[in-house]
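Every number in this text was worked out from the coordinates using simple rules, so none of it is lab data. Given the structure is predicted, the values throughout are model-derived calculations rather than measurements. Please note: Cβ atoms are built from the backbone with ideal geometry, for glycine as well, and neighbour counts cover all protein chains shown.
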Amino acid sequence: MAAKPKLYYFDGRGRMESIRWLLAAAGVEFEEEFFETREQYEKLQKDGRLLFGQVPLVEIDGMALTQTRAILSYLAAKYNLYGKDLKERVRIDMYTDGTLDLMTMIMGGVFKPLAEKEETLASVVKSAKTRYFPVFEKILKDHGEDFLVGNKFSWADIQLLEAILMVEELDASVLSDFPLLKAFKTRISNIPTIKKFLQPGSQRKPPPDSHYVALVRKILQF
Amino acid sequence: MAEKPKLHYFNGRGRMESIRWLLAAAGVEVRRGTLLYEQVPMVETDRMNLVETRAILRYIAAKYDLYGRNLKQQAWIDMYVEGLKDLSDMIMFFPLSLPEEKEMNLEHILARATTRFFPVYEKALRDHGQDFLVGNRLSWADIQLLEVILMAEECKPSVLEFMARISHIPTINKFLQLGSQRKPPLDEESIETVKNIFKFERGMFLKNMSTIVAEY
């Protein structure tokens, strides 16, 4: 039987969270190793398993995969969440590049000094309301289907849900002008694998707090 | 006969350059579009309007068989390409540095290039001894690496053996010759154009590395 994928990261969301979402939604069990000390991280670098000296790292199918988007693409394809052909795939790529950018802004925002952090997070909410969410609302409206691409559940749906929930943590009313996204959120949240992931006790990580920020700064030394 | 893809961007490198490189290496001719749409780069091809640089690049790579022969090779290509993006973004936005930061930024770029990025590709090539990064044939990874090597060399000239080897590929040679579609580095005039279109301020460099927040 194939070994479970193994994730190496901090005990928090960061760049690994989208990977956790994708694996969970695909119903794939995975193991995690968390960095608590600088030494652990340095050991991984010295072992040569980090191609560019960076994490996330996912060990799967005999490979040490790094670079978040490379990992996500691989998993999406492997677990049949990447559309049925190249044209569907490029649409999924367009949508996920957008939502990942949005989430990366939030991720980066928490490491900034307080005033800048608040400004960044406010700007993310604004971006979500004016640039990203209208696009997805329109996509759903135009085709009237349950999922973003090809009338079938894909990586694009998983990541949009993840992004919606993350922005709602900053502003609970963010979906007030987007009825189809509200329905989408409910619908996708009820998919059994995702429903399970959203329950307490799953491998989903909580929003970053000052403890997480301090831990990452200590280990990555910045 | 298939219609030529149409590229919408301003007349400079920016995020469209990697797309021009990939299409050129694949031997695909392009048409020039105008700055009509809210998001650039935008490429019209196969009856679609594609945005998001990575999505466009992946589509072209897959379509023109520059994305490996199987999923594992694809994963390696993705890793190599993603690794280069940080470096190429730094170089791309270097001309927009504040004057007092230019030297520091340049040092940072060169340090990163020579200690973190280029050694990885050197090692990959040395380990398998083949001419190309993945699967013993030309792929998007090789093209992207060549582009970034040349960009880095424009920052500081030096000779690298890998560049000499890959430049023997006919379509890439054609692109490198005078009169090709390749754009020059960002000069003062282009900087003004970019600033006006995207409402950038100088000093954006290194501040918002993953996503440039620009309005226009």
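For region A:67-183, report the translational diffusion coefficient in µm²/s to the nearest whole number, using Stokes-Einstein at 4 °C, 1.567 mPa s, and a Kirkwood Rh over Cα pairs. Let's see the in-between values first.
Values: Rh = 14.9 Å.
The Stokes-Einstein estimate is 87 µm²/s.
Can you tell me, using C-alpha contacts under 8 Å and at least 6 residues apart, the relative contact order of region A:21-176 as a whole percent? Provide the component values of the computation, followed by the final result.
On the way: 126 pairs, mean separation 36.8, N = 156.
Averaging sequence separation for qualifying contacts and normalising by length gives 24 percent for region A:21-176.
Work out, in µm²/s and without decimals, the Stokes-Einstein translational diffusion coefficient of region B:15-140 at 4 °C, 1.567 mPa s, Rh from Kirkwood over C-alpha pairs. Walk me through the numbers on the way to the answer.
Details: Rh = 16.5 Å.
The diffusion coefficient I find is 79 µm²/s.
What does the average come to when, for each residue of peptide A:95-103, you count the partner chain Cβ atoms lying within 10 Å of its Cβ? If you can, show how the numbers build up before the last one.
Working: counts 2, 3, 7, 4, 0, 4, 5, 1, 0.
If you average over the peptide's residues, the count of other-chain Cβ atoms is 3.
Given points 7 Å out from each Cα along the Cα-Cβ axis, report the residue A:79 to residue B:32 separation in nanometres with one decimal.
Roughly 4.6 nm, to one decimal.
Treating only the Cβ of Lys, Arg, Asp and Glu as charged (+1, +1, -1, -1), what charge dipole size does region A:68-222 show about its Cα centre? Round to the nearest 20 debye. Kindly include the intermediate steps, with their values, before the conclusion.
Numbers: 23 positive and 19 negative charges, 88 e Å.
Dipole of region A:68-222, to the nearest 20 debye: 420 debye.
So which lysines pass the test for residue A:6, namely a Cα distance under 19 Å, with those fewer than 8 places away in the same chain ruled out?
Correct list for residue A:6: A:43, A:46, A:78, A:205, B:72.
Can you give the Rg/Rh ratio of chain A, where Rg is from the C-alpha atoms and Rh is the Kirkwood radius?
Values: Rg = 17.5 Å, Rh = 18.3 Å.
That ratio is 0.96, to two decimals.
Under the Kirkwood approximation for Rh and a Cα-based Rg, what ratio Rg/Rh is obtained for region B:68-155?
Taking Rg over the Kirkwood Rh, I get 1.04.
Which distance in nm do the two modelled labels at residue B:100 and residue B:127 give, with both placed 7 Å along the Cα-to-Cβ direction?
About 4.4 nm separates the two model spin labels.
Counting other beta carbons within 10 Å of each Cβ, put B:128, B:8, A:211 in order, fewest first.
Values: B:128 13, B:8 19, A:211 10.
With the fewest neighbours first, B:128, B:8, A:211 line up as A:211, B:128, B:8.
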